[in-house]
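This report concerns only the one structure given below.
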Amino acid sequence: MPAQAHFESTYERAVQLEQILSNTVPELIKFVNAAEKERSQHIAGGSPFANGGGHTSLVDPLCGSRESLEKTLSSNGFLALNEEGAGAQGLQRLLDSLLRYSVNTSAPGFMDKLYAAPLPPGIAAELVLGVLNTNLHVFQVSPVLSLVEKHMTKAMAKIFGLNGPRSGGVSVQGGSASNMTSIVVARNTLFPETKVEGNGAVKGQLLLYTSAHGHYSIEKAAQALGFGSSSVIAVPVDECGRMLASELERLVVEAEHQGKVPFYVNATAGSTVLGSFDPFENIHKIAREHNLWFHVDAAWGGGFAFAAKPELKGQLRGVGLADSVATNPHKMLGVPVTCSFLLAKDLKQFKEANTLKAGYLFHDDDETAQSRDISNGASKNSDDETPGDDWNEPWDLADLTLQCGRRGDSLKFFFCWKYYGTSGYSTMVDVAYMNACHMSTLVDRESNLTPVLSKGRAPDCLQVCFYFTPAGQFVHELFTESGRINVQEGGVDQTTEKSQRARLGKLNSQVTSGIAKALIPRGFMIDFAPALEGQEDRGSFFRVVVNISTVRETVERLIQEVVTVGTSLVADLKTNAGPVGLQR
Ligand SMILES: *Cc1c(COP(=O)(O)O)cnc(C)c1O
């Protein structure tokens, strides 16, 4: 470094922190406030985008193109890493571009993914975590945060009905990591020999089951853990996306007859696209009969544990029977990303499954060290045991996980829960569901929209899924001279039919994605999902996710916007008539 270069010493950290924060905090408040103002606009009514004008806090239109964004951020010096430090003022300049071109997840129209506006207490906790810089591998360096994590995971375990004396959990990096960890715990508990000898120690292929609508992280984990994707069996679902327990049983029995070894079933509480809840009690029964580890992926729908409405809480009936449950407070519960827990019926299983000797990190007393002996197979049904002689409550929490260093994410959830209270969360979840129902009703009533599932059906979770269908027709449909072909009845020969359906699906998907894209400058970011099996000709559909900060007026506005944008997009299409008959 040149002697003259400007260099901020690291010995004045308090001064620097104060300077940076006092510059940053007002900008952050402004950022959140822009979103709040837009929400107020929604509530007040009126249509700021009616004449192509208006402004949205969602995202700057420049972000529509990666190239132009990169160009802007290069030319204004944002991306430059210089010899000389830019100091607090430099950071201040950065912040302007950073906030301007980022997606504002607090914006009312951010309804794209399963997370949304971060709750303020969680944001504050995030800052506290940064200052503490606590690493939750061992208790000695993380006394309070280890306690908070223990306390929060125990509380969540109880809320889901995991009431055993050794129930609890650990904080993990996300839902995918929670699911993966559950698979490791399952395998190491049921087949302790695999800890040393690997998956090959078990004669016969080890199999995992999840529904056809389950999250892809199960398959990803199966690849990472050496099972391979072919070990993951997708269990068929009913017309609403719920796992068919009878199919699970059939597939498990069939595999056992073939000498394979089913050992794990994942049931989903709130599937990623439709928000469906699997029949947990029935799945548990099959799991018990066939000695499968029963995991519930409640990454998304787990938020319903806080609901006051019995029909929402009821969606989770049977989750308490699980061996492990993954849940992401960073999704429905508005905790800043990431905050995810893997909850356990029996934490001792986690300990025995994951512990490894690492004397430089974990300084156990001899007694605990003995329980690290991997030849101590865990008993799976340990509900009835009371914690006692053979159980030292573990406090060095990393020992129960696949991680070493770990963030104190549970503090963010702790702050939110403290701040709003259990009843605050109940209200938030109930109101969010009421707004999802309201939106679903509006979709049913709107003649240009068609729900993906049947009309009049209340949403299972907070997603509302629908197609844009002007005057009740899909934009691209099959027609002949004599009218519409009902492809289901086989009006055309099989192969032609299949390729025609695929072609139609592609065109209809373009309509959906075109509308989604056109909604962004109008303040709405909504996602879409690929066609359901057997409905390929319809193409992809919108999946709007209502969140705990959504207001009624926002979903009403969104319906109007989809119809406005869709209608003009189809009008454009008609002028440049596409390849497949657009009109009768
Ligand atoms: C989001 C989600 C996950 C993955 O969680 P991440 O924190 O994104 O890794 C797993 N399962 C379901 C059902 C989800 O919706």
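The values are calculated or read from the model by the stated rules, or taken from the named source; none is laboratory data. Predicted model, so just to flag it, every value in this text is computed and none were measured. So basically every Cβ, Gly included, is an ideal-geometry build from the backbone, and we count neighbours across all protein chains shown. With ligands, DNA and RNA removed, areas are computed over all heavy atoms of the protein, side chains included. Shrake-Rupley method; radii C 1.70, N 1.55, O 1.52, S 1.80 Å.
Key figures
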read-out	value
Subset of Lys113/Lys158; Lys412/Lys506; Lys203/Lys351 violating a 31 Å alpha-carbon distance limit	Lys412/Lys506
Under the Debye formula (equal points on every Cα, no solvent term), log10 I(q)/I(0) of the stretch 172-237 at q = 0.29 Å⁻¹	-1.35
Gyration tensor (alpha-carbon) shape descriptor, the stretch 1-150, a/c threshold 1.5	oblate
Computed log₁₀ I(q)/I(0) - Debye formula, equal Cα scatterers, no solvent, the stretch 421-576, q 0.10, 0.13, 0.20 Å⁻¹	-0.40, -0.64, -1.26
Placed amide H near Tyr209: partners under 5 Å, 5+ positions off or other chain	Ile233, Tyr264, Val265, Asn266
Computed lengthening from Val128 to Arg445, 0.36 nm per intervening residue step minus Cα-Cα distance	109.4 nm
Computed FRET value (nearest 0.05) for Cys240 with Gln16, which takes r as the C-beta separation and R₀ as 51 Å	0.40
Cβ charges +1 (Lys, Arg) and -1 (Asp, Glu), total dipole of the stretch 421-576, debye	260
For the stretch 13-103: relative contact order, % (alpha-carbon pairs under 8 angstrom, 6 or more apart)	41
Percentage relative contact order, the chain, counting C-alpha pairs under 8 Å, at least six apart	18
Förster radius 25 Å - calculated FRET efficiency between Met434 and Lys30, Cβ distance, rounded to 0.05	0.20
Span from the the stretch 107-142 Cα centroid across to the the stretch 211-225 one, whole angstrom	26
Projected label distance in nm at Arg552 and His55, using a 7 Å step from Cα toward the beta-carbon	3.0
Rg/Rh for the chain, where both radii come from Cα atoms and Rh is the Kirkwood radius	1.00
Which of Ile283, Ile159 is most accessible, then next, and so on - probe 1.4 Å	Ile159, Ile283
Solvent-accessible area of Thr105 with every protein chain in place, 1.4 Å probe, in Å² to the nearest 10	40
Accessible area (Å², 1.4 Å probe, nearest 10) - Arg522	60
